[in-house]
Ligand code: FES
(Lines give C-alpha, C1' and ligand atoms only; values in the text may rest on other atoms or scores of the structure.)
Protein backbone atom coordinates (compact mmCIF):
# COMPACT_ATOMS: atom_id res chain seq x y z
CA UNK A 1 0.00 0.00 0.00
CA UNK A 2 1.35 3.42 -0.95
CA UNK A 3 0.48 6.96 0.13
CA UNK A 4 0.87 8.05 -3.50
CA UNK A 5 -0.39 6.65 -6.78
CA UNK A 6 2.24 4.54 -8.52
CA UNK A 7 2.37 3.60 -12.19
CA UNK A 8 3.66 0.38 -13.73
CA UNK A 9 7.07 1.98 -14.47
CA UNK A 10 7.68 2.78 -10.79
CA UNK A 11 6.87 6.49 -10.93
CA UNK A 12 4.91 7.99 -8.03
CA UNK A 13 2.53 10.91 -8.47
CA UNK A 14 4.12 13.28 -5.94
CA UNK A 15 3.08 16.86 -6.74
CA UNK A 16 1.44 19.34 -9.02
CA UNK A 17 3.83 21.63 -10.86
CA UNK A 18 2.57 24.79 -9.11
CA UNK A 19 3.37 23.31 -5.70
CA UNK A 20 7.11 23.20 -6.42
CA UNK A 21 8.95 26.43 -5.69
CA UNK A 22 11.57 27.80 -8.08
CA UNK A 23 15.01 27.88 -6.42
CA UNK A 24 13.58 26.49 -3.18
CA UNK A 25 12.44 23.02 -2.15
CA UNK A 26 9.21 21.18 -1.45
CA UNK A 27 9.40 18.18 0.87
CA UNK A 28 7.01 15.34 0.06
CA UNK A 29 6.76 12.60 2.69
CA UNK A 30 5.75 9.26 1.23
CA UNK A 31 5.36 5.65 2.24
CA UNK A 32 5.21 2.43 0.29
CA UNK A 33 5.15 -1.14 1.55
CA UNK A 34 5.93 0.05 5.07
CA UNK A 35 8.97 2.11 4.02
CA UNK A 36 8.76 5.82 4.84
CA UNK A 37 10.94 8.44 3.20
CA UNK A 38 10.96 12.09 2.20
CA UNK A 39 11.54 13.32 -1.33
CA UNK A 40 12.59 16.90 -2.06
CA UNK A 41 11.49 18.61 -5.27
CA UNK A 42 12.73 21.83 -6.82
CA UNK A 43 12.73 23.69 -10.11
CA UNK A 44 15.86 25.46 -11.36
CA UNK A 45 15.97 27.10 -14.80
CA UNK A 46 12.79 25.25 -15.74
CA UNK A 47 14.22 21.83 -14.86
CA UNK A 48 12.56 19.68 -12.20
CA UNK A 49 14.92 17.95 -9.77
CA UNK A 50 13.92 15.27 -7.28
CA UNK A 51 16.14 13.70 -4.65
CA UNK A 52 15.99 11.94 -1.33
CA UNK A 53 15.64 14.58 1.36
CA UNK A 54 18.49 13.26 3.46
CA UNK A 55 22.01 14.64 3.47
CA UNK A 56 24.53 11.85 2.86
CA UNK A 57 26.79 13.40 5.50
CA UNK A 58 24.77 13.25 8.73
CA UNK A 59 21.19 12.99 7.48
CA UNK A 60 20.00 16.58 7.89
CA UNK A 61 16.94 17.26 5.72
CA UNK A 62 18.30 18.90 2.58
CA UNK A 63 15.04 20.78 1.99
CA UNK A 64 15.79 23.12 4.91
CA UNK A 65 18.93 24.20 3.08
CA UNK A 66 19.06 26.53 0.13
CA UNK A 67 19.80 26.57 -3.58
CA UNK A 68 22.11 28.90 -5.47
CA UNK A 69 22.07 28.21 -9.19
CA UNK A 70 22.25 24.43 -9.45
CA UNK A 71 24.17 24.13 -6.19
CA UNK A 72 22.33 22.80 -3.15
CA UNK A 73 23.65 23.87 0.24
CA UNK A 74 23.04 21.70 3.29
CA UNK A 75 22.65 23.76 6.46
CA UNK A 76 23.98 20.92 8.59
CA UNK A 77 27.70 21.37 8.01
CA UNK A 78 27.80 23.40 4.78
CA UNK A 79 28.35 20.54 2.34
CA UNK A 80 27.27 21.46 -1.18
CA UNK A 81 25.94 19.31 -4.01
CA UNK A 82 25.46 19.74 -7.75
CA UNK A 83 21.80 19.17 -8.58
CA UNK A 84 22.54 18.08 -12.15
CA UNK A 85 24.99 15.29 -11.29
CA UNK A 86 24.13 14.70 -7.64
CA UNK A 87 27.83 14.84 -6.80
CA UNK A 88 29.23 16.48 -3.70
CA UNK A 89 31.09 19.68 -4.57
CA UNK A 90 32.42 20.71 -1.16
CA UNK A 91 33.96 18.60 0.18
CA UNK A 92 34.57 16.49 -2.95
CA UNK A 93 33.60 13.21 -1.29
CA UNK A 94 32.09 10.17 -2.96
CA UNK A 95 28.77 10.47 -1.14
CA UNK A 96 26.31 12.43 -3.22
CA UNK A 97 22.61 13.08 -3.61
CA UNK A 98 20.23 10.26 -4.37
CA UNK A 99 18.67 11.78 -7.49
CA UNK A 100 15.40 10.48 -8.89
CA UNK A 101 14.12 10.52 -12.46
CA UNK A 102 11.12 12.80 -12.98
CA UNK A 103 8.35 12.94 -15.56
CA UNK A 104 5.89 15.74 -16.23
CA UNK A 105 2.43 14.66 -17.33
CA UNK A 106 0.40 17.81 -17.90
CA UNK A 107 0.86 19.63 -14.59
CA UNK A 108 1.46 16.45 -12.62
CA UNK A 109 4.96 15.59 -11.48
CA UNK A 110 5.81 11.89 -11.31
CA UNK A 111 9.01 10.71 -9.65
CA UNK A 112 10.66 7.32 -9.98
CA UNK A 113 11.49 6.41 -6.41
CA UNK A 114 12.81 3.10 -5.21
CA UNK A 115 11.88 3.25 -1.52
CA UNK A 116 14.49 0.64 -0.63
CA UNK A 117 17.44 2.63 -2.01
S1 FES B 1 24.36 16.89 7.49
FE2 FES B 1 24.57 17.90 5.59
S3 FES B 1 26.56 18.70 5.65
FE4 FES B 1 26.40 17.59 7.52
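The values are calculated or read from the model by the stated rules, or taken from the named source; none is laboratory data. Please read all numbers here as calculations on a predicted model, not as lab measurements. Here the Cβ positions follow ideal geometry from the backbone for every residue, glycine too, while neighbour counts run over all protein chains shown.
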Exercise for the section: Considering every residue within region 101-112, establish whether at least one is under 13 Å from the mean Cα position of the chain (by Cα) and not in a strand (DSSP E or B). Expected result: no
Exercise for the section: Can you run down the residue pairs with Cβ atoms below 6 Å, 6 or more apart or on separate chains, where the first is in region 45-67 and within 22 Å of residue 13 (Cα to Cα) and within 13 Å of the ligand (Cβ to nearest atom) and the partner is assigned to a helix (DSSP H, G or I) and modelled with pLDDT of 95 or more? Expected result: 53/62; 53/63
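Checking the structure you have, find out if any residue of region 62-72 is farther than 19 Å from residue 2 by Cβ, touching a helix residue (DSSP H, G or I) at 6+ places or on another chain (Cβ under 8 Å) and loosely packed, with under 12 Cβ neighbours inside 10 Å.
The answer is no, given that none of the residues of region 62-72 is farther than 19 Å from residue 2 by Cβ, touching a helix residue (DSSP H, G or I) at 6+ places or on another chain (Cβ under 8 Å) and loosely packed, with under 12 Cβ neighbours inside 10 Å.
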Problem - Check on residue 115, at pLDDT below 95 and exposed (fewer than 11 other Cβ atoms within 10 Å of the Cβ) - result: no
